[in-house]
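Report on the following structure.
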Amino acid sequence: MEPVELFQEVLKLAVETNASDIVVKSHKPAFFRISGKLKPVDMDPISGEAVQGFIAATVPRNFQATWERDGQVDYAYSAEDVGRFRVNAFHQRGTASIVFRYIKSRPPTFEELSLDAAPLIKLAQSKDGILLVCGATGSGKSSTMAAMLNWINQNLDRHIVSIEDPIEYTFTDDKSVFEQREIGIDVPDFALAIRAVLRQNPDIILIGEMRDRETFETAISAAETGHLVFSTMHAATVQQSLTRLFEFFPPEQIVQARRQVSGALRGFICQKLIPALEGGGRYAAFEILVADTTVRNLLLEGHFDKIQQLLETGDEAGSQSFNKDLYRLIKAAKISKADGLRFSPNPQALDMNLKGIFIK
């Protein structure tokens with residue numbers, strides 16, 4: 001069987017079994033990640049020649065030099081009659097490996113993701129500023145952000161420009177107009193796309209990942225000139241997200257950075273995926289920081305230590321801690337108490353809440 005044909009069958013089976021990721025290592029059978037758990041596929045090992053052959057046949061021409069030079073490459077692959085996948089090909093111990101992420105072509109709705117839509121819709125209606133969706137790899141950040149943009153597309157007239165590496169969800173214009181630019185295909189590199197985006201008359205800018213200081217400074221400039229910026233960060237909690245954000249700046253610029261961030265930030269949305277109590281699948285639990293006047297003053301003055309207390313007590317603006325959302329999911333019988341405690345950043349406090357004890 002030819003490499004592309006072989007992988008076509010593997011990817012088809014992955015979609016049929018509701019796998020989110022496919023891990024392929026030379027001389028091993030494929031592995032599927034289903035509901036967060038990695039499971040081997042009952043198949044013969046995939047040869048190193050087949051893995052190399054698939055990459056050679058599918059890597060876009062623009063990226064061939066990157067693969068040959070760096071030994072790793074990211075690109076998007078569309079399997080006929082199966083679907084679209086984000087591909088990361090790389091070398092390890094002298095052989096090729098591939099990790100696929102299945103990308104559903106149609107962006108999800110809040111209902112399909114079983115999300116509590118109200119706080120996300122409120123943030124999505126921000127006129128300007130920066131919204132950051134945070135979480136570990138595989139926590140559903142891209143899906144949540146896509147659902148928010150999908151709601152905007154159905155309800156608001158906005159010009160939305162995205163910069164992605166590669167494009168994940170594809171949007172069809174409804175009330176909004178989307179321009180989706182893929183690094184390496186539509187524009188040579190991320191820096192060039194970032195510098196050009198403000199000249200493209202966007203209302204909303206989607207930056208696939210907040211990866212460095214230049215990216216964040218461009219996001220701040222966009223926010224300060226009336227644009228709403230969506231992006232993601234790899235951070236597990238609001239506190240970690242704030243730490244990561246200010247690590248972009250040298251110590252001598254922290255005071256100025258606090259002033260800029262306090263003015264531009266509209267909110268953090270941090271999430272974890274928790275196993276469902278019944279029927280498989282997972283539910284998203286959120287920690288949300290809405291940047292109201294109180295939060296902006298805390299950021300401006302550098303009182304980051306008080307942010308967690310604000311999250312725990314909650315407020316009318318809509319901020320909430322992970323424990324508050326885990327409590328909601330447990331009480332709704334969507335997740336187990338054991339899993340709620342396991343994923344909680346403060347399991348003792350959550351256990352007290354479940355016993356009816358709340359400390360203000």
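The values are calculated or read from the model by the stated rules, or taken from the named source; none is laboratory data. Please read these numbers as outputs of a predicted model, since none were measured by experiment. So basically every Cβ, Gly included, is an ideal-geometry build from the backbone, and we count neighbours across all protein chains shown.
Say whether the condition of being assigned to a helix (DSSP H, G or I) and out of contact with any Ser or Thr (no Cβ under 6 Å at 6 or more places or on another chain) is met by at least one residue in region 275-290. Let's see the steps before the verdict.
Filtering region 275-290 down to residues assigned to a helix (DSSP H, G or I) leaves none.
Looking through region 275-290, none of the residues is assigned to a helix (DSSP H, G or I) and out of contact with any Ser or Thr (no Cβ under 6 Å at 6 or more places or on another chain).
Can you tell me which residues in region 81-136 are farther than 24 Å from Val4 by Cα, part of a loop (DSSP other than H, G, I, E, B) and charged (D, E, K, R)? Hits for region 81-136 are Arg106, Glu111, Glu112, Asp116, Lys127, Asp128.
Among the residues of region 173-189, what is the count of those that are on the phi < 0 side of the Ramachandran plot and either in contact (Cβ under 8 Å) with a residue 24 or more places away in the chain or in a strand (DSSP E or B) (or both)?
In the first step, residues of region 173-189 are kept if they are on the phi < 0 side of the Ramachandran plot; the result is 173-183, 185-189.
Narrowing the set further to residues that are either in contact (Cβ under 8 Å) with a residue 24 or more places away in the chain or in a strand (DSSP E or B) (or both) leaves 176-183, 185, 187.
Final tally of qualifying residues: 10.
Within region 77-107, take every residue that is at pLDDT 95 or above and of a type in the set (Gly, Ala, Ser) and give me the one that is farthest from Ser26 (Cα to Cα). Checking each candidate, the answer is Ala89. Ala14 meets all of the listed conditions (1) in contact with a Gly (Cβ under 6 Å, 6 or more places away or on another chain); (2) crowded, with 19+ Cβ neighbours inside 10 Å but one, namely (1).
Name the residue that is surrounded by the most Cβ atoms within 10 Å (Cβ to Cβ), counting only residues in region 315-334 that are within 22 Å of the chain's Cα centre (by Cα) and of a type in the set (A, V, I, L, M, F, W, C). Steps first, answer last, please.
Within region 315-334, the first condition is being within 22 Å of the chain's Cα centre (by Cα), and the residues that meet it are 318-326, 329.
Cutting the leftovers down to of a type in the set (A, V, I, L, M, F, W, C) gives us 322, 326, 329.
Details: Phe322: 25, Leu326: 30, Leu329: 22.
Within region 315-334, the match that is surrounded by the most Cβ atoms within 10 Å (Cβ to Cβ) is Leu326.
Name every residue in region 312-343 that is on the phi < 0 side of the Ramachandran plot and modelled with pLDDT under 90, in order of residue number. If the condition is that a residue be on the phi < 0 side of the Ramachandran plot and modelled with pLDDT under 90, then Glu312, Thr313, Asp315, Glu316, Ala317 are the ones that fit. In this structure, is Leu115 over 28 Å from Lys12 (Cα atoms) and surrounded by 17 or more Cβ atoms within 10 Å (Cβ to Cβ)? So Leu115 fails the test.
Residue under question is Ala76, and the condition is that it be over 17 Å from the mean Cα position of the chain (by Cα), in the same structural domain as Gln8 (by TED's automatic domain parsing) and aliphatic (A, V, I, L, M); does it hold? For Ala76, the condition - over 17 Å from the mean Cα position of the chain (by Cα), in the same structural domain as Gln8 (by TED's automatic domain parsing) and aliphatic (A, V, I, L, M) - is not met. In region 1-17, the residues that are under 16 Å from Glu49 (Cα atoms) reach residues that are part of a helix (DSSP H, G or I) and aliphatic (A, V, I, L, M) with C-beta atoms within less than 8 angstrom, at least six apart or across chains, in these pairs: Pro3/Ala50; Pro3/Val51; Pro3/Ala57; Val4/Ala57; Leu6/Ala50; Phe7/Ala50. Which residues, counting only those in region 235-266, are in contact with an Asp or Glu (Cβ under 8 Å, 6 or more places away or on another chain) and surrounded by fewer than 18 Cβ atoms within 10 Å (Cβ to Cβ)? Passing the criteria: Phe248, Gly263.
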